[in-house]
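The values are calculated or read from the model by the stated rules, or taken from the named source; none is laboratory data. Given the structure is predicted, the values throughout are model-derived calculations rather than measurements. Cβ atoms come from the backbone with ideal geometry, glycine included; neighbour counts cover every protein chain shown. For the accessible areas, the whole protein counts, side chains as well, though only heavy atoms, and no ligand, DNA or RNA atoms are used. Shrake-Rupley method; radii C 1.70, N 1.55, O 1.52, S 1.80 Å.
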Amino acid sequence: MAKDAKDPQDAGTAKKPGRFAQLRQIFDAARQVDPRITWWMLGAFLVTVAVVTGIGALLGHWLYALFLGILFGLLAALVTMSRRAEKAAYRQIEGQVGAASAALTSLRRGWFYDREPVAADAQKPGDLSGAALVYRATGRPGIVLVGEGPRARVAKLLAAERKRVERVAPGVPVTLVRVGDGDDEIPLTKLVGRVQRLKPVLTKDEVSVVNKRLKALGGMRPPLPKGVDPSRAAKQRMDRRALRGR
């Protein structure tokens, strides 16, 4: 008796790659941008093994320490790969429209952020080249407005957006951030770290209330066609979950 045909739904469902396959994909992608990643991983492994084994030898248990050193060395190599892969991913999207939004996706739990810009200044409708964009994130430190694009237009957008959010969330701290390589700007690679190091002043419940008020905020709409997500292209090149091996 012939076997029943497979369910079309099951056939169309792609099997997710395993953990080792994901790590290999991350390594291959990072090596294309950072060819020295192999040497960094090897160095982290050897240094960790040497240090742990040396400590064990001083204590008279070098063989046991060698076994532990290999385990810790593998962990150090994986951590090194993750860090180098993250930097490689930032280098791939740096300078692209929506890079700031892609970086904000790696914020820890407790943060709310808008996928699309909350304010935009494009020279031509639908043309994002050279556009000034502002993204918004809300967390315990308050409201963070992140701007990318030409300095003068970004500064104007940030100031206008600050007034808007202060009307619906009076008393809530508002931090303005410009992404770039200037003296008063923050490099893309340091954006998330800078935002997460801000001093918390709100409770989790207050953050939820503020976020709901911001979601209901009306007024100026970005001059972009409906459904346009300038960060989509950048996010396709920077899969944050993949970098964590999830």
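The modelled label-to-label distance between R167 and R108, using points 7 Å beyond Cα along the C-beta direction, is 3.5 nm. A protection proxy built from the mean count of other Cβ atoms within 10 Å ranks the segments 36-44, 100-108, most packed first, as 100-108, 36-44. In terms of its alpha-carbon gyration tensor, segment 35-178 comes out prolate; a/c meets the 1.5 threshold, and the first ratio a/b outweighs b/c.
Entry note, segment 23-93: relative contact order of 40 percent, from Cα contacts under 8 Å with a spacing of 6+ residues.
In segment 23-93, with Lys and Arg counted as +1 and Asp and Glu as -1 at Cβ, which of these residues, V49, Y64, F27, has the Cα nearest the positive end of the dipole, that is, farthest along it? It is F27, whose Cα lies furthest towards the positive end.
The relative contact order of segment 99-217, computed from alpha carbon pairs under 8 Å that lie at least 6 residues apart in sequence, is 26 percent.
Before I look further, what does segment 99-217 give for accessible area per residue, probe 1.4 Å, in whole square angstrom? Per residue, segment 99-217 has an accessible area of 51 Å². When the solvent-accessible area of segment 21-61 is split by element, carbon and sulfur atoms take up 70 percent of it, the probe being 1.4 Å. Remark on G142: its backbone amide H falls under 5 Å from those of V201, L202, a criterion applied only to residues 5 or more positions apart or on other chains, H modelled at 1.01 Å from N. Each Lys and Arg Cβ is given +1 and each Asp and Glu Cβ -1; about its Cα centre, segment 23-93 then shows a dipole of about 220 debye.
The listed peptides 144-151, 182-189, 162-169, ordered by packing as a protection proxy, come out as 144-151, 162-169, 182-189 (highest mean of other Cβ atoms within 10 Å first). Reported to the nearest whole Å, the Cα centre-to-centre distance from segment 102-124 to segment 153-200 is 11. Cross-link check: pairs K163/K190; K156/K190; K87/K204; K87/K199; K156/K204; K156/K212 evaluated at a Cα-Cα cut-off of 28 Å; pairs beyond the cut-off: K87/K204; K156/K204.
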